[in-house]
1. Return the residues of region 171-196 that are at pLDDT below 85 and of a type in the set (Val, Ile, Thr); say none if nothing qualifies.
2. State which residue pairs qualify: first residue outside any strand (DSSP E or B) and inside region 25-46, second residue open to solvent by less than 100 Å² (accessible area, probe 1.4 Å) and of a type in the set (Asp, Glu) in any location, beta carbons under 6 Å apart, and separation of 6 or more residues or different chains.
3. Looking at Thr160, Thr199, Thr224 in this structure, which one is modelled with pLDDT of 95 or more and either of a type in the set (S, T, N, Q) or under 19 Å from the mean Cα position of the chain (by Cα) (or both)?
4. Restricting the first residue to region 75-89 and requiring it to be under 15 Å from Ala188 (Cβ atoms), which pairs with a second residue that is of a type in the set (A, V, I, L, M) and outside any strand (DSSP E or B) meet a Cβ separation below 6 Å and a spacing of at least six or different chains?
5. Out of all the residues in region 101-153, which are of a type in the set (S, T, N, Q) and assigned to a helix (DSSP H, G or I)?
6. I need the full set of residues from region 128-143 which are buried (at least 22 other Cβ atoms within 10 Å of the Cβ) and hydroxyl-bearing (Ser, Thr, Tyr), in order please.
7. Take Tyr146 and decide whether it is buried (at least 23 other Cβ atoms within 10 Å of the Cβ), closer than 24 Å to Gly14 by Cα and either of a type in the set (A, V, I, L, M) or in contact with a helix residue (DSSP H, G or I) (Cβ under 9 Å, 6 or more places away or on another chain) (or both).
8. Quick check on Ser12: is it in a loop (DSSP other than H, G, I, E, B) and more than 23 Å from Ala239 (Cβ to Cβ)?
Amino acid sequence: MSSLVILITGASSGIGYEAARMLAEKGHKVYGAARRMERMEELRKYGVIPMALDVTSDDSAKEVIEHIVREESRIDVLVNNAGYGELGPMETTSMENAQRQLDVNVMGLARMTQLVLPHMRQQHRGRIVNIASIAGRITFCFAGWYNASKYAVEALSDATRMEVRPYGIDVAIIEPGGVYSNWGVIAAQQLRKASSQTTYAEKAGRMADVFDMMYGRNPHNLMTSATKAAKHVCKAVTAKRPKTRYAFGVGNATMRFLHTILPDRWFDGLINYLFNKKY
């Protein structure tokens with residue numbers, strides 16, 4: 001495959017960082033974008049070009065896209081990886097925090113997609129790879145707003161895929177299960193803080209303990225590494241005919257199957273059991 005011009009958002013850590021490194025090592029021209037430039041300096045040695053980007057800002061997003069097109073005369077691939085997760089009870093999560101979650105995970109993705117599509121249509125080729133999650137297919141308690149953002153990513157990806165296919169543009173979705181990072185430990189701390197003065201404190205505390213166990217004490221048996229997850233991103237970027245979805249990770253297939261065959265209340269009970277038992 002000839003060298004591709006690739007933009008990866010959220011490239012300062014995790015899947016985005018590893019995907020940027022791998023694709024640059026394969027000989028592609030990779031622009032890694034994130035708010036925190038200092039975290040991407042190490043990527044320069046692999047040939048990645050770091051760029052400052054805030055996906056919630058129209059001006060920032062336009063500046064990045066215009067710079068790449070000006071320098072390269074094209075943009076072949078957009079990997080929408082920027083995003084974060086914040087946990088808390090639906091009743092007590094502030095609308096400000098909920099809005100921020102949607103602004104980054106959904107509107108940021110949509111903003112970047114809208115900006116690259118005119119260039120890809122003009123080229124009559126292109127590829128958009130959106131990082132979703134098993135959380136976009138299965139809902140967990142105390143993750144309602146995060147789930148809502150990832151369900152939205154699924155819907156937007158499906159709609160966009162159907163709309164742009166006639167122009168030679170592919171849209172692929174990455175749907176990992178748990179990916180090992182410090183996100184889980186931070187999310188557990190945030191969940192305890194967000195629920196500590198609420199009626200949900202005890203149940204939320206037990207869920208936070210599960211996150212500590214999964215992401216802290218025993219991550220390698222329960223989590224997919226960011227490196228392994230990034231390999232799926234690379235497949236979606238470079239495949240001649242990419243899959244519409246790349247689902248992987250410990251328990252991913254099992255949970256999807258159970259979600260399909262079990263009545264809703266039974267599945268609710270399973271989730272409550274898994275996130276409230278002592279490990």
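The values are calculated or read from the model by the stated rules, or taken from the named source; none is laboratory data. Quick caveat, the model's predicted, so the values are computed rather than measured. When we count neighbours, we look across all protein chains shown, and the Cβ atoms used for this are built from the backbone with ideal geometry, even at glycine. Heavy atoms of the whole protein, side chains included, go into the accessibility calculation; ligands, DNA and RNA do not. Shrake-Rupley method; radii C 1.70, N 1.55, O 1.52, S 1.80 Å.
1. The answer is Val179, Val185, Ile186.
2. Listed by first residue and then by second, the contacts come to Arg35/Asp54.
3. None of the other options fit; the residue is Thr160.
4. That search, which allows pairs on different chains as well, returns Gly85/Ala187; Leu87/Ala143; Leu87/Ala187; Leu87/Leu191; Gly88/Ala194.
5. Scanning region 101-153 gives Gln101, Asn105, Thr113, Gln114, Gln122, Gln123, Asn147, Ser149.
6. Result: Ser133, single match.
7. yes
8. Spelling it out, Ser12 is indeed in a loop (DSSP other than H, G, I, E, B) and more than 23 Å from Ala239 (Cβ to Cβ).
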